[in-house]
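The values are calculated or read from the model by the stated rules, or taken from the named source; none is laboratory data. Here the structure is a predicted model, which is why all the values come from computation and not from measurement. Here the Cβ positions follow ideal geometry from the backbone for every residue, glycine too, while neighbour counts run over all protein chains shown.
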Amino acid sequence: MAAALIGGMLQQGLCKAEVQVIDVSDSARRRFEEMGIAAHPQWDSRTRADVVVFAVKPQQMKDAVSGVKAHCGCALVVSIAAGIRCADLARWLDGHGRIVRAMPNTPALIGAGVSGLYPTAGVDAADRRAAEQILSAAGKSVWFDDETMLDAVTAVSGSGPGYVFYFVEALEEAALTLGLDSRAARLLAVETFLGAAKLAASSDDEPAVLRAKVTSKGGTTESAIELMESRDIKACIIAAVQRAGQRAAELGDLFGKD
Ligand SMILES: NC(=O)c1ccc[n+]([C@@H]2O[C@H](COP(=O)([O-])OP(=O)(O)OC[C@H]3O[C@@H](n4cnc5c(N)ncnc54)[C@H](OP(=O)(O)O)[C@@H]3O)[C@@H](O)[C@H]2O)c1
């Protein structure tokens, strides 16, 4: 994720010399160096940062924070770690007050992600712009005033690509059962999703209206949707996403417990 964010920012005109990476992994540092980015195993005490972005696994956050907290005093801290709450991060950072928590999603890797952002009270307008600029490398973003909404973001867009891939898998399997070869099945399933999502994004119509427009009376789409409705597929999807939201809250409790 860090490489995706940095790659996106470089494309937006950020100068390579303005970014430094700290990564304990030799292979990850080599990859950053191949991008022309200075990478170190720990903070070089001569380095001063305006913004420090934490992009490690949630279970590695406490360690990562303890290794650099002495240098974060005057910086805006941005965390993209799933489930790590600002209060826990602030506690690990000895009370740091300028934190933006972000929840991006996997399409960030190709600049097509969407992120939820939450600012702590010490974050000012300039900090918001700085955080937004970093996350804009990963795609679009939306701010929330209530941190618990990031659990909802995690359930909807954070885990969302997984649901989409699941649906694509199902569409592809269905295509195979109807006799299409695997190449055609993959192409039709993926492109249909891509095209329909682009249409929904660019249209003024609600998704339900777009659906109605492609659902002719007595036609093929109608017969498929009728079967889905009779089996409560929509209710099942809603329940599944709600369950993901509950799990996000549970993981927040777990990751921040010490
Ligand atoms: N991937 C996504 O789509 C996505 C979406 C939303 C949010 N996120 C969040 O983004 C964060 C980063 O995810 P990722 O998949 O990019 O993680 P990742 O591939 O594991 O990258 C993190 C890097 O940090 C290194 N590291 C571990 N502990 C460190 C420490 N104490 N100091 C410095 N470097 C350390 C890791 O080295 P080792 O490999 O040796 O541990 C690894 O090279 C996660 O918290 C995840 O929840 C990811």
Practice task
Among what's in the range 52-65 and is under 23 Å from residue 149 (Cβ atoms) and touching a strand residue (DSSP E or B) at 6+ places or on another chain (Cβ under 6 Å), pick the residue that is farthest from the ligand (Cβ to nearest atom).
Solution key: 53
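Name the residues in the range 11-27 that are of a type in the set (Asp, Glu) and either within 15 Å of the ligand (Cβ to nearest atom) or closer than 16 Å to residue 115 by Cβ (or both), would you?
Start the filter on the range 11-27 by keeping residues that are of a type in the set (Asp, Glu), which leaves 18, 23, 26.
The answer is 23, 26.
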Exercise for the section: For residue 170, indicate whether it is under 22 Å from residue 241 (Cβ atoms), in a helix (DSSP H, G or I) and not aromatic (Phe, Trp, Tyr). Expected result: yes
Practice task
Identify the residue in the range 66-79 that is modelled with pLDDT of 95 or more and within 13 Å of the ligand (Cβ to nearest atom) and, among all such residues, is farthest from residue 250 (Cα to Cα).
Solution key: 78
Completion exercise
For the range 80-115 the number of residues that are near the ligand (Cβ under 10 Å from one of its atoms) and either outside any loop (DSSP other than H, G, I, E, B) or basic (Lys, Arg) (or both) is 8
Exercise for the section: Quick one: residue 172 ticks every box in (1) surrounded by 14 or more Cβ atoms within 10 Å (Cβ to Cβ); (2) closer than 30 Å to residue 85 by Cα except a single one, so which number is it? Expected result: (2)
Practice task
Taking residue 36 as the residue in question, decide whether it is small (Gly, Ala, Ser), within 23 Å of residue 124 (Cα to Cα), surrounded by fewer than 19 Cβ atoms within 10 Å (Cβ to Cβ) and more than 8 Å from the ligand (Cβ to nearest atom).
Solution key: no
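Evaluate the following for residue 181: is it in the same structural domain as residue 116 (by TED's automatic domain parsing) and surrounded by fewer than 14 Cβ atoms within 10 Å (Cβ to Cβ)? Show your work before the answer.
Numbers: in the same structural domain as residue 116 (by TED's automatic domain parsing): no; surrounded by fewer than 14 Cβ atoms within 10 Å (Cβ to Cβ): yes.
No: the conditions fail for residue 181.
Restricting attention to the range 3-10, does a residue exist that is out of contact with any Leu (no Cβ under 7 Å at 6 or more places or on another chain), more than 14 Å from the ligand (Cβ to nearest atom) and within 30 Å of residue 198 (Cβ to Cβ)?
Applying the first criterion (out of contact with any Leu (no Cβ under 7 Å at 6 or more places or on another chain)) to the range 3-10 yields 3, 5-10.
Checking which are more than 14 Å from the ligand (Cβ to nearest atom) leaves us with 9-10.
Among the residues that remain, those that are also within 30 Å of residue 198 (Cβ to Cβ) are: 9-10.
Within the range 3-10 (the criterion being out of contact with any Leu (no Cβ under 7 Å at 6 or more places or on another chain), more than 14 Å from the ligand (Cβ to nearest atom) and within 30 Å of residue 198 (Cβ to Cβ)), the answer is yes, since at least one residue qualifies.
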Completion exercise
All-but-one check, residue 150 against (1) surrounded by fewer than 22 Cβ atoms within 10 Å (Cβ to Cβ); (2) touching a strand residue (DSSP E or B) at 6+ places or on another chain (Cβ under 8 Å); (3) over 18 Å from residue 2 (Cα atoms), failing number (1)
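May I ask you to list the residues in the range 173-196 that are more than 23 Å from residue 223 (Cβ to Cβ) and part of a helix (DSSP H, G or I)?
Once the filter is applied, which keeps residues that are more than 23 Å from residue 223 (Cβ to Cβ) and part of a helix (DSSP H, G or I), the range 173-196 yields 182, 183, 186, 187, 190, 194.
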